[in-house]
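One structure below.
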Amino acid sequence: MSVGYKAVQWNRQKRIYDVILWLSVFLYLWGFMTFTEKAGDNLDTHGVAIRAYGSAAFILLHIILSIGPLSRLNPKFLPLLFNRRHMGVTMFFLALAHVDGWKILKLPWELFGAKAPKFPWDFNGALTWYHDFGDLDPLVSLFVGNTHYGDFILFPFEFLGVIALFILFLMAATSHDFWLANLTAPIWKALHMGVYLAYGLLVGHVVLGALQTNKHPSLTIAVLVGMVWIVGLHLITGYREFQKDKKALFLTTNDFVEVGTIDEIPESRAKVVIVSGERVAIFKYEGKISAVSNVCQHQNGPLGEGKIVEGCITCPWHGYQYLPESGASPPPFEERIPTFAVKVEGDRIFVSTTPNPPGTRVEPALIT
Ligand code: HEM
Ligand code: FES
């Protein structure tokens, strides 16, 4: 990992992205509420706000799910990956406001039995607005208000939203690198893959909600278009990766495979090839060639899509760094990735089919 780059702290770039993110969210909410009210929809302020916050969260979820595949298709989208976690946490708070309005902000006053202040744009979320008019506690009413659990079209759509919100909460609460280190990368990753489950549940929440409340079919159509976009984007990226993986390399002598020519690789960049089923990044820098595993130790980022910065391979996702000759992060960091022996003959590059243990130093091949 880089000494200069602090993955979990704010830096100038993150601040700029955050300001753009929050301004966009603010403009969307303001525009949605203003225009819906002007359009004379016979919903009150609370109903409009519930929709504004719910749809803002749902749109942001689409953006978050698009960033991964888009940046695999075009590196121009890579900077957005830096800010994906802040987008995720923002999405959770928008979803929470959709459900709870601004009530959570009033908890400190309520705990002490005091009268809470009135915030600007104060509104009751879906839980209070749709469930606090009867004798039942809103939380009980949420689960027993609609009991068509055995039905398809009449299934309680809010229940799907509850599970999705719980998943989003777990993800937002563990989004900090502290949790990544403590839960270990595989568990953290598995937990955060829950975003796809949450997305599926939310598609059900919005579509069934629209059908049950007799909304205009345009909402259902918009959700389906969004689903085609997300699924399509993932399928296209998956297919492209699969095609790349299929390109078999021919074994030459002494367990080395030919992986391409020197002029194919731009200075300080890499070419990624598959050797014995593993992705290997072959870097060209300062008249030398080195080969390392393509998988970053932080969150499996594609190292071969990064570049050499100040003598270190720098991951394009969050800036972890590794020395090209040894695959070890510069001190004080301790991450290590496997390296591969390399040979250069004329302008042809050959890489060993057997990886060295992580952190093993290998003499770079000199470009003559
Ligand atoms: C406890 C969890 C939840 C409850 C009780 C709940 C409740 C509701 C209700 C009652 C509606 C219908 C509103 C109306 O017809 O005006 C609705 C719609 C919607 N919800 Fe939720 N929701 C929950 C979670 C979520 C989450 C986590 C998201 C997104 C991340 C979400 C996004 C939406 C969207 C996009 C709509 C459609 C908005 C529209 O009609 O324009 N909901 N929800
Ligand atoms: S730095 Fe995060 S995946 Fe590489």
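The set of residues in segment 180-190 that are surrounded by fewer than 16 Cβ atoms within 10 Å (Cβ to Cβ) and not small (Gly, Ala, Ser) comprises Asn182, Leu183, Thr184, Pro186, Ile187, Lys189. Filtering Phe119, Phe133, Phe123, Phe112 for residues that are within 21 Å of His46 (Cβ to Cβ), assigned by the TED database to the domain that holds Leu29 and away from ligand 1 (no atom under 16 Å from the Cβ) leaves a single hit, Phe119. Can you work out which of the residues in segment 303-326 that are within 23 Å of Ser175 (Cα to Cα) and more than 8 Å from ligand 2 (Cβ to nearest atom) is surrounded by the fewest Cβ atoms within 10 Å (Cβ to Cβ)? In this case the residue turns out to be Thr314.
Number of residues in segment 155-187 that are within 16 Å of ligand 2 (Cβ to nearest atom) and in contact (Cβ under 8 Å) with a residue 40 or more places away in the chain equals 6.
Beta carbons closer than 8 Å, at least 6 apart along the sequence or on distinct chains, pair a first residue in segment 279-290 that is without any contact (Cβ under 8 Å) to a residue 60 or more places away in the chain and under 10 Å from Ser268 (Cα atoms) with a second that is surrounded by fewer than 24 Cβ atoms within 10 Å (Cβ to Cβ) and among the polar types (S, T, N, Q) for Phe283/Ser268; Tyr285/Ser268. Elements of the type helices (runs of 4 or more DSSP H) sitting completely within segment 1-97 and holding at least 1 residues that are modelled with pLDDT of 95 or more: these cover 12-38, 45-73.
The values are calculated or read from the model by the stated rules, or taken from the named source; none is laboratory data. Being a predicted model, the structure only gives us computed values, none of them experimental. No Cβ is skipped: glycine too gets one built from the backbone with ideal geometry, and neighbour counts run over all protein chains shown.
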